1. From 141, 154, 87, grab the single residue that is β-branched (Val, Ile, Thr), assigned to a helix (DSSP H, G or I) and over 19 Å from residue 31 (Cβ atoms).
2. Filter segment 60-81 for residues that are surrounded by 23 or more Cβ atoms within 10 Å (Cβ to Cβ) and under 26 Å from residue 165 (Cα atoms) and give the result.
3. Which of the following residues is assigned to a helix (DSSP H, G or I) and either at positive phi or touching a Pro at 6+ places or on another chain (Cβ under 7 Å) (or both): 405, 351, 335?
4. Pairs under 7 Å by beta carbon, first residue farther than 15 Å from residue 166 by Cβ and open to solvent by 10 Å² or more (accessible area, probe 1.4 Å) in segment 85-111, partner not in a helix (DSSP H, G or I) and not aromatic (Phe, Trp, Tyr), six or more apart or different chains?
5. Using the structure shown, decide if residue 165 is closer than 20 Å to residue 83 by Cα, open to solvent by 10 Å² or more (accessible area, probe 1.4 Å) and modelled with pLDDT under 85.
6. Among the residues of segment 26-46, is any touching a Gly at 6+ places or on another chain (Cβ under 7 Å) and crowded, with 19+ Cβ neighbours inside 10 Å?
7. Of all residues in segment 117-137 being part of a helix (DSSP H, G or I) and open to solvent by 10 Å² or more (accessible area, probe 1.4 Å), which is nearest to residue 330 (Cα to Cα)?
8. State which residue is nearest to residue 310 (Cα to Cα) when the search covers only segment 382-418 and only residues that are small (Gly, Ala, Ser) and at pLDDT 85 or above.
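The values are calculated or read from the model by the stated rules, or taken from the named source; none is laboratory data. Not measured: the values here are computed from a predicted model. Virtual Cβ from ideal backbone geometry, glycine too; neighbours counted across all protein chains shown. Remember, those area values only see protein heavy atoms, side chains included, never the ligands or the DNA or RNA. Shrake-Rupley method; radii C 1.70, N 1.55, O 1.52, S 1.80 Å.
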Amino acid sequence: MKSKKNRWLIALSGVGIHISIGSVYAWSNFTTPLKDMFGWSDSEVALTFSIAILFLGLSAAFLGHFVEKHGPRKSGLLAAIFFGVGIVGSGLAVHLGSKSLLYLFYGVLGGIGLGVGYIAPVSTLVKWFPDRRGLATGLAIMGFGFAAAISSPIMNNLIQSVGVANTFYILGLSYFVIMTLSSLYLEKPEEGWLPEGYKEKINSGKSKPNMDLSQLTANEAVKTKRFWYLWLMLFINVTCGIAILAVAKPLAMESIGIDMATAAALVGAIGIFNGLGRIGWASLSDIIGRPNTYTTFFVLQIVIFFFLPAVSIKWLFMVMLTVVYTCYGGGFSSIPAYIGDLFGTKQLGAIHGYILTAWAAAGLVGPLFAAWIKDTTGSYAGSLTFFSGMFVVALVISFLIRLDINKLKAKLPLKKAV
């Protein structure tokens, strides 16, 4: 029997999950209250976030096969349990004043929920939107980018009115409900399903069919050069982006001399453009292709990172920084569609999970490197120049992957003729 699910509601369900787990980016709201309550240092509080991002990458890699085997609904429910328990348990950790429990609940359990929840809707959305792969994944992952802007004021109000522990309890239960309801609607389309009118558009030449270059399992994909090309491109894009995200406020104050309030507003704007970049670049990738999208990311950022240390005009500095963050967000949202193009949808969730280990690695490397450059040279300018050089490497890789793609395309007619 044909499924009566509405693919746009499937996409909305993906957004519901990603808006919930994306609240991790608003962790800084808890920094000062936890320091004031327990006398913990900045690094001790920040380690909670780092552990969560580390386990996001690890769980995405190790549980990607679970997502493929059991489907998006069970995977989403698993994510809801881990993330919900992780946040509620964080309230218990605060109530007991235990830093170790906070690392366990928010960092480990919450991080596992993050990883599974991040990849659970994505492979399903690619299958529901064969005509708009980039747009579909961009919609869900946009939710992750915008989550901090949505949850941050809610967190602040709750912390002030009911305290830190109760804030965790309320948020944990709320996220669990939202993620559970969203997961219950998730479902894969039937084999061979196509949107209404899509076949007619292809036959009339109004739309081009997706020509997946292969249909590989995750374990087959990791043995190819193009998998590691994708991994390196995402790693470089995230390393440089997350490093600047970590120091955006002091960087702006140091470089163009703006005051703290204006710098804080700039950080808020960066969050908005991070979200806009996720939907904007992913949608554009449907038109210009994924290889051209990533090449554009790297060309723009080579120029911006090279000249940014010398920019003293405030509006230009802000524009350049926001462009960087559209590219940062766009890198996340375009990668699932790129995976589908290169490896097919056979085990897209598992392959996506493997690719996201680049995010976990970048989350550790980027901020630490930027801080080391600052400590060594007394300025962030050196790290920006180095990142510009890293984007040159990424640009070269974006051309190398094209060679691999062209070889695969050349073999397609032979496969069809057999």
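1. From the options 141, 154, 87, the qualifying one is 141.
2. Within segment 60-81, 76, 79, 80 qualify.
3. Working: 351 fails: either at positive phi or touching a Pro at 6+ places or on another chain (Cβ under 7 Å) (or both); 335 fails: either at positive phi or touching a Pro at 6+ places or on another chain (Cβ under 7 Å) (or both).
On inspection, the qualifying residue turns out to be 405.
4. none
5. Spelling it out, it is not the case that residue 165 is closer than 20 Å to residue 83 by Cα, open to solvent by 10 Å² or more (accessible area, probe 1.4 Å) and modelled with pLDDT under 85.
6. no
7. Only one residue fits best here, namely 135.
8. Here the residue is 388.
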